[in-house]
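The values are calculated or read from the model by the stated rules, or taken from the named source; none is laboratory data. Here the structure is a predicted model, which is why all the values come from computation and not from measurement. For neighbour counting, all protein chains shown are included, and Cβ atoms are generated from backbone atoms with ideal geometry for every residue, glycine included.
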Amino acid sequence: MKRRKFIKITSKAACAAALLPSVGGLITGCTNLTDEGKPTTPSVANESWNFDEVVDRSGTWSIKYGRASEGQIPMWIADMDFRTAPAVSSALKERLNRDVLGYTYTPDEFYQSIIHWEKEMHDWQVEKDWVAYCPGVITAINQAYLTFTEPGDGIVVMPPVYNLFRMYAERLGRRVIDCPLLFDGKHYRMDFPGLERTLSSSDIKILVLCNPHNPVGIVWGPDDLRRIASICRQKGVLVISDEIHADLTLPGYQHTPFCSVSEDASAVGLVFASPTKSFNLAGVSMTAYCIIPNKELREPYLKQLRDLKLDEAPIPSLVATIAAYTEGAPWLQSLREYLQGNVQEVVDFFSYNDLGIKAIPPQASFLVWLDCRAMGLQQEELMRFFSDKAGLLLSNGAMYGQGGEGFVRMNIGCPRKIVKEALERMVQALDIR
Ligand SMILES: Cc1ncc(COP(=O)(O)O)c(C=O)c1O
């Protein structure tokens with residue numbers, strides 16, 4: 001089998017030039033923040049982490065492993081099998097060593113770390129007033145549903161898309177309307193005429209944008225985002241932009257925060273983001289933040305959080321966010337290089353081995369969308385093939401809504417040898433050698 005080799009670039013200058021030409025100082029220059037919010041040099045060296053290490057997650061109450069049966073490789077829920085950045089674990093340990101864990105206010109460093117990160121990573125100048133702590137991205141989005149819609153109102157999603165947008169909207173009695181992405185067999189794009197038509201109905205209040213998109217892996221560009229903003233402003237529809245995967249753009253791609261693209265976007269947009277995907281902190285509960293430039297949206301939204309006492313951040317959320325965003329950039333840079341190597345492994349594998357499966361190369365994150373329609377199996381048979389014959393627990397494409405049938409999502413946020421083992425298992429299950 002022919003496979004391309006992943007070339008690890010170790011020199012800082014080389015990675016800046018070759019991998020992330022358009023990203024600012026946090027990645028290429030590896031800057032940190034001082035107490036006054038000024039950049040300094042990093043304190044954590046590249047030698048401090050090893051993504052090839054197989055970390056034992058047994059006994060940690062991992063949801064991912066808890067659902068896997070004996071011998072199955074779990075590659076479904078979106079967390080990674082890597083240790084978090086040493087800077088983050090050290091900060092958490094140090095704080096816990098103080099032993100006193102009483103009520104805690106949100107310190108200025110929390111806001112400054114986010115402001116600095118958005119500027120350096122995504123070239124977006126954010127004002128402190130726009131930022132607030134939120135108890136997890138999905139909880140925060142649900143609060144936006146509650147603040148800006150009534151039962152029966154319409155919320156538009158773009159399937160195939162992260163299933164919880166729909167699930168919670170429906171649980172809250174809102175009507176979910178699909179505006180599916182268009183797929184030509186290779187690439188996904190938004191259906192703008194379809195969006196204009198869909199948003200013309202007067203009871204549509206919110207469009208939920210997944211930016212970058214889970215599960216298809218697209219990093220939306222400024223032109224698409226500007227177009228959405230203009231349509232939504234015209235139709236009086238708010239845009240919730242879920243940017244939880246934003247820090248995981250793969251080499252050659254640059255994330256664009258929705259509200260940064262135009263006046264229309266900052267008028268209608270609410271950005272929700274978090275370090276939990278990029279720094280593998282999903283179990284450090286309730287760690288997210290919103291950025292809402294428009295005061296008329298921000299005030300009622302923050303009131304809703306305050307009224308439910310959801311505005312107080314737990315200590316681990318604050319400590320982890322500050323550490324990740326002030327000291328975590330070099331680790332994140334290495335992680336993104338490593339993930340790109342895993343993605344390449346998968347993409348090359350399916351292009352050189354005819355299994356009836358096509359990988360859609362993601363532009364961000366550690367989730368690979370696999371088009372299995374040529375295998376000719378019903379969705380249930382397809383899932384049984386992966387779970388029972390190949391011993392792989394993958395995410396069922398059908399749960400992401402329209403356009404997800406015939407697809408599965410594979411989480412490659414794990415050591416490369418596990419990815420290789422998973423691919424090998426598919427070959428063996430099909431018995432094609
Ligand atoms: C697009 C997207 N949004 C939100 C979440 C979950 O965020 P949280 O755990 O902060 O609720 C995920 C997790 O996979 C996700 O992929």
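Scanning the stretch 239-253 for residues that are over 18 Å from ARG227 (Cα atoms) and either more than 16 Å from the ligand (Cβ to nearest atom) or among the hydrophobic types (A, V, I, L, M, F, W, C) (or both) yields ILE244, ALA246, LEU248, LEU250, PRO251, GLY252, TYR253.
Tell me, please, whether a residue that is over 19 Å from PHE51 (Cβ atoms) and part of a strand (DSSP E or B) can be found in the stretch 332-354. Within the stretch 332-354 (the criterion being over 19 Å from PHE51 (Cβ atoms) and part of a strand (DSSP E or B)), the answer is no, since none of the residues qualifies.
The residue of the stretch 151-182 that is nearest to the ligand (Cβ to nearest atom), among those that are in contact (Cβ under 8 Å) with a residue 24 or more places away in the chain and out of contact with any strand residue (DSSP E or B) (no Cβ under 8 Å at 6 or more places or on another chain), is LEU164.
Reported count of residues in the stretch 256-271, each being of a type outside the set (Ser, Thr, Tyr), surrounded by fewer than 24 Cβ atoms within 10 Å (Cβ to Cβ) and touching a Cys at 6+ places or on another chain (Cβ under 6 Å), is 0. Inclusion of ASP223 among residues that are part of a helix (DSSP H, G or I), free of Cβ contacts under 8 Å to residues at least 24 places away in the same chain, away from the ligand (no atom under 16 Å from the Cβ) and in the same structural domain as TYR145 (by TED's automatic domain parsing) is warranted. Tell me, yes or no, whether the stretch 135-149 has at least one residue that is free of Cβ contacts under 8 Å to residues at least 12 places away in the same chain and hydroxyl-bearing (Ser, Thr, Tyr). The answer is no, given that none of the residues of the stretch 135-149 is free of Cβ contacts under 8 Å to residues at least 12 places away in the same chain and hydroxyl-bearing (Ser, Thr, Tyr). For the stretch 75-85, the set of residues classified as more than 14 Å from the ligand (Cβ to nearest atom) and crowded, with 21+ Cβ neighbours inside 10 Å consists of ASP81, PHE82, THR84, ALA85, listed by residue number.
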